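I have placed the structure first, in the form of structure tokens, so that the comments after it can refer back to it.
The values are calculated or read from the model by the stated rules, or taken from the named source; none is laboratory data. The shown structure was predicted, so the numbers you read here are calculated from the model rather than taken from an experiment. All Cβ positions, glycine included, derive from the backbone under ideal geometry; neighbour counts span all protein chains shown. Side chains are part of the model used for accessible areas, which takes the heavy atoms of the whole protein and leaves out ligands, DNA and RNA. Shrake-Rupley method; radii C 1.70, N 1.55, O 1.52, S 1.80 Å.
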Number of protein chains: 2
Amino acid sequence: MTPSAPTPAYRRLSVEERRSQLLDAALSLFAHRAPEEVSLDDVAEAAGVSRPLVYRYFPGGKQQLYEAALRSAAAELELCFDEPRTGPLLPRLARALDRYLAFVDQHDAGFSALLQGGSVVETSRTGAIVDGVRRAAAEHILRHLGVTEPGPRLRMTVRMWITAVEAASLIWLDEEKQPPADELRDWLVEQFVAVLGVTAARDEQTASLVSALSADES
Amino acid sequence: MTPSAPTPAYRRLSVEERRSQLLDAALSLFAHRAPEEVSLDDVAEAAGVSRPLVYRYFPGGKQQLYEAALRSAAAELELCFDEPRTGPLLPRLARALDRYLAFVDQHDAGFSALLQGGSVVETSRTGAIVDGVRRAAAEHILRHLGVTEPGPRLRMTVRMWITAVEAASLIWLDEEKQPPADELRDWLVEQFVAVLGVTAARDEQTASLVSALSADES
């Protein structure tokens with residue numbers, strides 16, 4: 001159900017179907033324009049429904065719709081990290097990054113708007129949604145690394161790398177998606193290994209991880 | 001001229017002195033509390049002047065004062081990167097990081113509020129001020145590296161590292177400033193060298209930089 005093929009308003013959808021239709025339309029608009037440039041009329045038009053119907057589902061108006069769309073994007077983004085915990089570690093990380101970069105590619109301007117903030121509808125609540133995704137990403141990585149009690153240095157290393165990946169995706173969007181996604185993915189994996197290596201020299205927990213990682217690879 | 005030693009209002013200050021006194025007072029308040037928890041009354045009290053006087057200098061009220069304080073903090077932050085371009089490179093980077101971490105240490109909560117956004121007075125203008133500092137930091141680093149025309153991979157590497165340093169400082173503030181600043185500084189320098197090394201394998205410009213760097217060190 002895409003905005004380019006609007007569902008006629010007379011088709012009866014269940015409440016859940018209608019809600020998800022509106023969220024899809026909103027996400028697709030937010031993906032290509034900054035939130036402040038999207039109106040409820042645009043969302044109604046894209047979904048092929050009336051403005052009052054959008055308000056019936058999102059009585060809080062654009063702010064509520066934006067937050068719901070953000071939550072739905074965050075949930076989708078978190079699915080990227082959902083990788084079976086089997087097989088060598090680095091290919092797992094590479095697969096998660098593939099899905100993440102596909103998400104960034106697909107949501108484009110909406111992804112930048114979301115992460116860069118500065119939007120008129122950006123609030124501490126929307127900031128908390130984005131932070132939640134970052135935390136989830138860090139937890140996924142640590143779980144894959146088999147670490148249940150990460151020390152401060154390992155945790156900091158993982159969180160710094162996640163921020164660097166975010167920065168890389170924003171720059172990537174700015175620079176017409178160069179280098180190609182698969183090269184960017186490999187480069188990011190290599191950076192992860194490199195910064196883990198640096199931390200390993202300062203932290204025993206990370207050092208044993210790094211030896212496990214290289215045993216894993218060979 | 002600190003808030004703890006207020007200047008009596010009757011002392012005649014020049015317009016510039018008064019303005020800078022008010023900015024100092026505001027910065028020192030924003031340094032310890034989130035902007036939304038600072039009122040113009042607080043600023044007036046900290047500066048030992050009347051509220052109307054604060055308004056005379058900042059007729060736009062708190063938003064204007066906050067932006068001016070931010071600009072003044074940004075200018076101070078940019079000074080941290082101002083390092084003579086002589087001697088081996090990594091010690092220069094270490095000295096700049098020392099000053100940067102001292103700034104983070106001193107401004108504490110205000111620094112987090114500034115970078116994390118989510119503040120009620122955060123706007124695209126304040127976001128642009130923060131972005132300006134990031135850009136300045138990247139330019140300083142590239143100038144120190146002696147690069148006038150950085151390719152996309154080198155530029156991306158430097159910008160990713162700067163974001164990682166930002167993330168590290170926020171985590172550092174969250175974790176009661178552990179590890180100690182000098183250890184954090186060395187760790188960040190090592191990470192810079194490591195990610196440059198990774199990029200060197202994919203980018204000739206970075207590769208020649210890395211060889212120059214190691215020649216520099218030995």
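At 7 Å along the Cα-to-beta-carbon direction for both B:L53 and A:R56, put a label point, then send me their distance in nm to one decimal.
Rounded to a tenth, the inter-label distance reads 6.1 nm.
Restricting the calculation to Cα positions, tell me the Rg (one decimal) and the Dmax (whole number) of the protein assembly as shown in Å.
Cα radius of gyration and Dmax of the protein assembly as shown are 24.1, 76 Å respectively.
Could you name every residue in segment A:125-153 that has 50 Å² or more less accessible surface in the full protein assembly than in its own chain alone (probe 1.4 Å, ligands and nucleic acids excluded)?
Residues meeting the cut-off: A:R153.
What does the structure give for A:54-65 when I average, per residue, the other chain Cβ atoms found within 10 Å of the residue Cβ?
0
What is the packing order of peptides A:142-154, B:64-76, taking the mean over residues of other C-beta atoms within 10 Å and listing the highest first?
In descending order of packing, they fall as B:64-76, A:142-154.
Give me the angle, in degrees from 0 to 90, between the Cα long axis of helix A:124-144 and the longest principal axis of the Cα atoms of chain A, rounded to the nearest 10.
40 degrees
Enter the per residue convex hull volume of chain A, computed from alpha-carbon coordinates, in Å³ rounded to the nearest integer.
In chain A, the Cα hull volume divided by residue count equals 138 Å³.
Determine the share of chain A's accessible area contributed by carbon and sulfur atoms, expressed in whole percent, with a 1.4 angstrom probe.
52 percent
Work out, step by step, the length gained on full extension between B:R85 and B:A215: first 0.36 nm times the residue separation, then minus their alpha carbon distance; give nm to one decimal.
Result for the pair: 45.1 nm of gain on full extension.
Give, rounded to the nearest 20 debye, the magnitude of the charge dipole that segment B:73-217 has about its Cα centre when Lys and Arg contribute +1 at Cβ and Asp and Glu contribute -1 at Cβ.
540 debye
Compute the acute angle (0 to 90°) between the alpha-carbon long axis of helix A:204-217 and the principal axis of greatest extent of the alpha-carbon atoms of chain A; round to the nearest 10°.
Roughly 80 degrees between the two axes.
Roll a 1.4 Å probe over the protein chains and send me the accessible area per residue for segment A:117-218 in Å².
43 Å²
Can you give the helix-only mean residue ellipticity at 222 nm for chain B, where every DSSP H stretch with n ≥ 4 adds -39500 (n - 2.57) and the sum goes over all residues, rounded to the nearest 500 deg cm²/dmol?
Helix-only estimate at 222 nm: -24500 deg cm²/dmol.
Along the charge dipole of chain A, which of A:Q191, A:H144, A:L170 sits closest to the positive end, that is, farthest toward it, with unit charges on the beta carbon of Lys, Arg, Asp and Glu (+1, +1, -1, -1)?
Toward the positive end, the furthest listed residue is A:H144.
Would you please give the FRET efficiency between B:A136 and A:S14, computed as 1/(1 + (r/R0)^6) with r the Cβ-Cβ distance and R0 = 45 Å, to the nearest 0.05?
With R0 = 45 Å, the Cβ-Cβ based efficiency is 0.25.
Tell me the angle of helix B:181-200 to the major Cα principal axis of chain B, expressed in degrees between 0 and 90 and rounded to the nearest ten.
The angle comes out near 50 degrees.
Describe numerically, in nm with one decimal, the distance between label points set 7 Å from Cα along Cα→Cβ at A:E183 and at A:Q63.
4.5 nm
Calculate the dipole size of the protein assembly as shown relative to its Cα centre from +1 charges on Lys and Arg beta carbons and -1 charges on Asp and Glu beta carbons; express the result in debye to the nearest 20.
1040 debye
Estimate for me the total accessible surface buried between chains B and A (protein heavy atoms, probe 1.4 Å, no ligands or nucleic acids), in Å² to the nearest 100.
3000 Å²
Determine the residues within segment B:169-187 where the difference in accessible area between the chain on its own and the full set of protein chains amounts to at least 50 Å²; count protein heavy atoms only and use a 1.4 Å probe.
In segment B:169-187, residues shielded by partner chains: B:I171, B:E175, B:E183, B:W187.
In square angstrom, what is the accessible area per residue of segment A:18-62 with a 1.4 angstrom probe?
44 Å²
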